[in-house]
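> Before I ask anything, here is the structure I am working with.
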Amino acid sequence: MAGQRPSPLFSTAMPRRRFLHTLGAAGGAALLGSAGMPQRVYARKGTIRIFNNETDPDTIAFLKAMAKTYRAETGVRVKIETVPVMQTVTKVTTAIKAGRPYDFIIYFTNLAILLAEQGQLVPLTDIIREVGEDDFGPRALRLFQDDYWLYPYDYNFNYLLYRKDLFAEKGLQVPNDWDEFLEVLRALNDPASKRYAITLPFGGLHTNWGNTAFLWAAGVQFYDNEWNVVLDSDDNKPRAIRTLEFLAEVAKYTPPGPMEASLKDMLINFSSGLSAITSYTGRAIHTIEDRNPELADKYGIMSYPGPDGGRRAVTYGDDGFSIGKTENSELTVDFFRWFLATERLIDYQLTVPLHYQPTQFSTYENEKWRSHPLIEKHWEAVETMRGFMNTDTTLAGSIDFQGPRPSPNHARLAIAGVIPKMYQRVLMKRMTPSEAVDTAAEEIRDFTTRS
Amino acid sequence: MVTLRRTASVALPAPREVSSAGPLERRDRKIFLAFLAPGMLLGIGALFIPVIYAIQLSFFHAESFIDEPTFVGLGNYIRVFSEPRYWQAFWHGLFYAVATVALQVVIGIAIALLLHQEFRGRNWLRSAALAPYILPTVVVVYIWKWLLNINYGIFNVFLENVGVGPIAWFSSPVAAWFSIIFVSVWYWTPFVTITFLAALQTISDDLYDAAAVDGANAWKRLIHITLPVLKPVLIVIVMLRTIFMFNKFDIVWLMTNGGPLTTTEHLPILAYVKTFDMFDIGGGTAIATSIFVFLALLIWIYFRMFPLEEH
């Protein structure tokens, strides 16, 4: 042994046996540790690209903060691209064509169905069933080809906000039918003082959501259960004509240029006192809080009355999440499970709490959600909004509910602007309501047949 | 002898070397191509390939960009040409281009002539005249939409105060066209002004002095000296502006979306609406291709009518 030459490796005089024992113990400890411990930072690689069409600054800030947290916890990078809602279809579809589809998409149902039909999405059926289908309110979930493709987080109901103080001043009640509605408008309208009764859009694609509830309240249908266009059928046409005549009358009580009314005008006209009624979501309450807090206890919410009373209506315009069929699908599913499990969905909804009306009943019971200062302050409005989820009293109508099932036809019907054009033809006196209905029906037939 | 030979060998290049040198030497040609390559690649990638792709798409039927296209030959062209909406949009585009180019040229020349005069503050005014042109289109449009707003726009406040009443600038076809043309002329006239101003500065004062000595008044000097010198610039400006305005998408789209109804819809908007709003990719690209062909034809006819002289 005396003549044995020491290995350079063990020149620190540690015996070989002891070194091997130490190495073995350290390796075993590391292996056991990694199995038992939570995932370490940067344990996973990859980037999830999120398409987001919610442009509220608070929502964007939340998404960015969430992305940082997720990266810190999992090592997966989350990249967010925010695009205005009207550019959603163009951006999402061209991204697919360019070979860079989004992994996680925040948008709306009718595009989700279009993408699902093209095999571009991963079904969310398992996740939704784990959450519980019963937890979702009426019409929030939509099956297409036996699967769910969108996880809805916001009903986006369009309803009417009105000035309770002005109603009280004039001795007015919430109208029950169209005649009463017109009486209310006449009483509130005072153009000489630059005070108008109502702001409603009659032009632009936002009209599809901002001013269609009277059509649903009147029972107007565009398709039957076989995808035949029935807008101009014997049953529907009189209802559609009556609605157009009524809307032409309503347009007399709007600020000048109703065809120019934008989403912004709908908010500003009401919060500034220019009009006593406007159509919108809880976003209008946020605008009041920001721009004119004096109105914060002077507004009420109502659904749209039917022509002869009875069941009222709101327009449904859901927003939700989808997962793209990409090379990152599994990674994105994990991300979404994390998003739900850590109540990030509640945090997300609370970025604009009165605007994002939850689709899940459990959210209304969630302590974190209920205790938000704005939810607490405007609880009466929240209760009214929740009441719109009662199908016995309120019909949640939408372009998306036309025909037998979800279909790309809904996206075409919306984006082709058939409804706003039908209104404009009447308002500009280019056509009678009857001719406008016939022309709209022909337009719908054209793209439905072509598809 | 020796000295002479050396001098000759240094001073005179060998005849063989002179004859072998073409317009570009081999080494120079490489450098030339190296400089040219980025631009050419960019041109091919950003212009040529998309144009070819768009033309190719116009022969296919596809319901969206993610749909599998099916070949339909000239079917899309036959379909869009048979639609009254196409021809309405075509005439709208022609009207828009002619109206805006005529106004831009007339007003642009007038302002250029004014700014060519000697007066105090001329340089400041020249800079100020360029201001609209350096603003981004979206900013220009939103400023004007705000100024023309029916409820709180300053124009309507003024009109109400003088008893004319508010005008819904985007609700009737006439008012919408007026707004679009007004903003387009306001925005693009500085380009015409600055181009003509540059041309005016090339005219020698001697010509005007000689004409004045011969008894030519200001009007005659304008007709016989200024305008003939401006003619080549005028030809190019009219052609360029016509192409730009016929293709102008952003101002019209941002101001009216082609509305009310389709009364301000021209071909670039119709192509966009067909492609992205109605999911008719083939129809939309057929319209875009037809614009390309029409403008190419227009340029050819234009240069046949007004050839540019070499000098």
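> Of (1) assigned to a helix (DSSP H, G or I); (2) within 14 Å of chain A (Cβ to nearest Cβ), residue B:265 satisfies all except one. Which?
(1)
> What number goes with the only condition from (1) part of a loop (DSSP other than H, G, I, E, B); (2) surrounded by fewer than 20 Cβ atoms within 10 Å (Cβ to Cβ); (3) not aliphatic (A, V, I, L, M) that residue A:334 does not pass?
Looking at each condition in turn, residue A:334 falls short on (1).
> Next question, about the same structure. Looking only at helices (runs of 4 or more DSSP H) that lie completely in segment B:131-233, which have at least 2 residues being touching a His at 6+ places or on another chain (Cβ under 7 Å)?
Numbers: elements: B:137-147, B:154-161, B:173-200, B:205-213, B:218-221.
The helices (runs of 4 or more DSSP H) meeting that bar are B:173-200.
> Additional query: Suppose we keep only residues that are in a loop (DSSP other than H, G, I, E, B) and in contact (Cβ under 8 Å) with a residue 24 or more places away in the chain within segment B:100-130. Which one would you say is farthest from residue B:196 (Cα to Cα)?
Of all residues in segment B:100-130, those in a loop (DSSP other than H, G, I, E, B) come to B:116-121, B:130.
Now restrict to residues that are in contact (Cβ under 8 Å) with a residue 24 or more places away in the chain: B:116, B:130.
On the way: B:116: 10, B:130: 13 Å.
Checked segment B:100-130; the qualifying residue farthest from residue B:196 (Cα to Cα) is B:130.
> Of the residues B:78, B:55, which single one is assigned to a helix (DSSP H, G or I) and either under 30 Å from residue B:187 (Cα atoms) or touching a residue at least 12 places away in the same chain (Cβ under 8 Å) (or both)? Full working, then the answer.
Details: B:78 fails: either under 30 Å from residue B:187 (Cα atoms) or touching a residue at least 12 places away in the same chain (Cβ under 8 Å) (or both).
After applying the criteria, what remains is B:55.
> Another one. Name every residue in segment A:285-298 that is in contact with a helix residue (DSSP H, G or I) (Cβ under 7 Å, 6 or more places away or on another chain), surrounded by fewer than 22 Cβ atoms within 10 Å (Cβ to Cβ) and either part of a loop (DSSP other than H, G, I, E, B) or in contact (Cβ under 8 Å) with a residue 60 or more places away in the chain (or both), in order of residue number.
Hits for segment A:285-298 are A:289, A:292, A:295, A:296, A:298.
> Which one of these does residue B:296 not meet: (1) within 26 Å of residue B:256 (Cβ to Cβ); (2) surrounded by fewer than 21 Cβ atoms within 10 Å (Cβ to Cβ)?
For residue B:296, the exception is condition (1).
Matching residues to (1) under 14 Å from residue A:426 (Cβ atoms); (2) surrounded by 18 or more Cβ atoms within 10 Å (Cβ to Cβ); (3) touching a residue at least 24 places away in the same chain (Cβ under 8 Å):
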position: A:202; (1), (2), (3): yes, yes, yes
position: A:216; (1), (2), (3): no, yes, yes
position: A:223; (1), (2), (3): no, yes, yes
position: A:235; (1), (2), (3): no, no, no
position: A:238; (1), (2), (3): no, no, no
position: A:250; (1), (2), (3): yes, yes, yes
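> Find all pairs meeting these conditions: Cβ atoms under 7 angstrom apart; at least six residues apart or on different chains; first residue within segment A:426-443 and facing chain B (nearest Cβ under 10 Å); second residue among the aliphatic types (A, V, I, L, M).
A:427/A:248; A:427/A:251; A:427/A:259; A:428/B:261; A:443/A:416; A:443/A:418
> Next question, about the same structure. Test of understanding: among B:255, B:245, B:239, which residue is more than 15 Å from the chain's Cα centre (by Cα), part of a helix (DSSP H, G or I) and touching a residue at least 60 places away in the same chain (Cβ under 8 Å)? Before the answer, list the steps.
On the way: B:245 fails: more than 15 Å from the chain's Cα centre (by Cα); B:239 fails: more than 15 Å from the chain's Cα centre (by Cα).
After ruling out the rest, the residue left standing is B:255.
> Select from segment B:107-129 the residues that are within 30 Å of residue B:249 (Cα to Cα) and loosely packed, with under 13 Cβ neighbours inside 10 Å and list them in ascending order.
B:127, B:128
Residues checked against (1) more than 14 Å from chain B (Cβ to nearest Cβ); (2) closer than 27 Å to residue A:204 by Cα; (3) touching a Gly at 6+ places or on another chain (Cβ under 7 Å); (4) of a type in the set (D, E, K, R):
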| residue | (1), (2), (3), (4) |
| --- | --- |
| A:324 | no, no, no, no |
| A:337 | yes, no, no, yes |
| A:355 | yes, yes, yes, no |
| A:363 | yes, no, no, no |
| A:391 | yes, no, no, no |
| A:400 | yes, yes, no, yes |
| A:403 | yes, yes, no, no |
| A:410 | no, yes, no, no |
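> So which residues in segment A:262-272 are in contact (Cβ under 8 Å) with a residue 24 or more places away in the chain and over 21 Å from the mean Cα position of the chain (by Cα)? Quick ask: steps written out before the conclusion?
To start, the set of residues in segment A:262-272 that are in contact (Cβ under 8 Å) with a residue 24 or more places away in the chain comprises A:262-263, A:265-266, A:269-271.
Residues satisfying the conditions are A:269, A:270, A:271.
> Still on this model: I'm trying to understand the selection: among the residues of segment A:138-158, which are surrounded by fewer than 22 Cβ atoms within 10 Å (Cβ to Cβ) and not in a strand (DSSP E or B)?
A:138, A:139, A:141, A:142, A:145, A:146
> How many residues does segment B:148-176 hold that are more than 9 Å from chain A (Cβ to nearest Cβ), under 19 Å from residue B:254 (Cβ atoms) and in contact with a helix residue (DSSP H, G or I) (Cβ under 8 Å, 6 or more places away or on another chain)?
Residues of segment B:148-176 more than 9 Å from chain A (Cβ to nearest Cβ): B:148, B:153-155, B:157-164, B:174-176.
Keeping just the survivors that are under 19 Å from residue B:254 (Cβ atoms) gives B:148, B:153, B:155, B:175-176.
Of the ones still in play, those that are also in contact with a helix residue (DSSP H, G or I) (Cβ under 8 Å, 6 or more places away or on another chain) are B:148, B:153, B:155, B:176.
Counting residues in segment B:148-176 that are more than 9 Å from chain A (Cβ to nearest Cβ), under 19 Å from residue B:254 (Cβ atoms) and in contact with a helix residue (DSSP H, G or I) (Cβ under 8 Å, 6 or more places away or on another chain) gives 4.
> Across segment A:257-274, what is the total count of residues that are more than 7 Å from chain B (Cβ to nearest Cβ) and at positive phi?
1
> Does segment A:91-117 hold any residues that are free of Cβ contacts under 8 Å to residues at least 24 places away in the same chain and either more than 9 Å from every other protein chain (Cβ to nearest Cβ) or not in a helix (DSSP H, G or I) (or both), and which are they? Before you say what the answer is, go through the steps one by one.
Filtering segment A:91-117 down to residues free of Cβ contacts under 8 Å to residues at least 24 places away in the same chain leaves A:93-94, A:97-99.
A:98, A:99, listed by residue number.
> Let me ask something else. Going by the structure shown, is residue A:254 modelled with pLDDT of 95 or more, within 14 Å of another protein chain (Cβ to nearest Cβ) and within 22 Å of residue A:414 (Cβ to Cβ)?
Details: modelled with pLDDT of 95 or more: yes; within 14 Å of another protein chain (Cβ to nearest Cβ): yes; within 22 Å of residue A:414 (Cβ to Cβ): no.
Criteria not met by residue A:254.
> Scan (1) within 13 Å of another protein chain (Cβ to nearest Cβ); (2) more than 22 Å from residue A:443 (Cβ to Cβ); (3) free of Cβ contacts under 8 Å to residues at least 40 places away in the same chain; (4) out of contact with any His (no Cβ under 9 Å at 6 or more places or on another chain) for the single condition residue B:84 breaks and write down its number.
All conditions pass for residue B:84, except number (2).
The values are calculated or read from the model by the stated rules, or taken from the named source; none is laboratory data. Predicted, not measured: the structure shown is a model, and the values here were computed from it. Neighbour counts run over all protein chains shown; Cβ positions are idealised from the backbone, glycine included.
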